[in-house]
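For reference, the structure is listed below as structure tokens.
The values are calculated or read from the model by the stated rules, or taken from the named source; none is laboratory data. All values reported here derive from a predicted model rather than from experimental measurement. Every residue, glycine as well, gets a Cβ built from its backbone with ideal geometry; the counts of neighbours run over all protein chains shown.
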Amino acid sequence: MASFDAELKADPTSWCTSLLLGGKVVGYMVVWFVEDEAHLANLAVAPWVRRRGYAQRMLDRLYREAFLRGSRIIVLEVRGSNQAAMALYGRNRFLPGGVRKDYYKRPREDAVVMIRSLGIEGTNP
């Protein structure tokens, strides 16, 4: 929780948003905007509300925010074993862009870097 609080107080490169359902936080997203790139640092949805389209809603918010901030691409890292997340990002036109060895520590695992171009014109996010 301390790291999330720090992100909320960070400089304008950090953008945090949450998803409320019945007054409860059921999801959140942390994004860093640097130059013309958006880096999706974290997107999480509570286990009891998964597979209901909430992660997609948050991604749609990210596309709008990235467009408004002039981002050309969105980059993220995801565990290779997280097939649900990989499928979600694949449906959203993210493509594998490399591997970061031993990126995750608990448990130790490589990260798949995924990248989505937002297009030069910024249309069709």
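Here are the numbers for this structure:
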{"read-out": "The lone exception for E7 - which of (1) loosely packed, with under 14 Cβ neighbours inside 10 Å; (2) outside any loop (DSSP other than H, G, I, E, B); (3) modelled with pLDDT under 95 it fails", "value": "(1)"}
{"read-out": "Considering residues of region 46-103 that are of a type in the set (K, R) and either part of a strand (DSSP E or B) or surrounded by fewer than 12 Cβ atoms within 10 Å (Cβ to Cβ) (or both) only, the residue farthest from the chain's Cα centre (by Cα)", "value": "K101"}
{"read-out": "Residue match in region 69-84 (condition: on the phi > 0 side of the Ramachandran plot and in contact (Cβ under 8 Å) with a residue 12 or more places away in the chain)", "value": "yes"}
{"read-out": "Any hit, region 115-122, residues being among the aliphatic types (A, V, I, L, M) and either touching a helix residue (DSSP H, G or I) at 6+ places or on another chain (Cβ under 7 Å) or at pLDDT below 95 (or both)", "value": "yes"}
{"read-out": "One residue from V26, V30 being at pLDDT 95 or above, surrounded by 10 or more Cβ atoms within 10 Å (Cβ to Cβ), of a type in the set (A, V, I, L, M) and closer than 16 Å to A85 by Cβ", "value": "V30"}
{"read-out": "Test: residue in region 91-110 that is in contact with a Leu (Cβ under 6 Å, 6 or more places away or on another chain) and hydrophobic (A, V, I, L, M, F, W, C)", "value": "no"}
{"read-out": "Test: residue in region 41-54 that is in contact with a Pro (Cβ under 9 Å, 6 or more places away or on another chain), more than 18 Å from V113 (Cβ to Cβ) and modelled with pLDDT of 95 or more", "value": "no"}
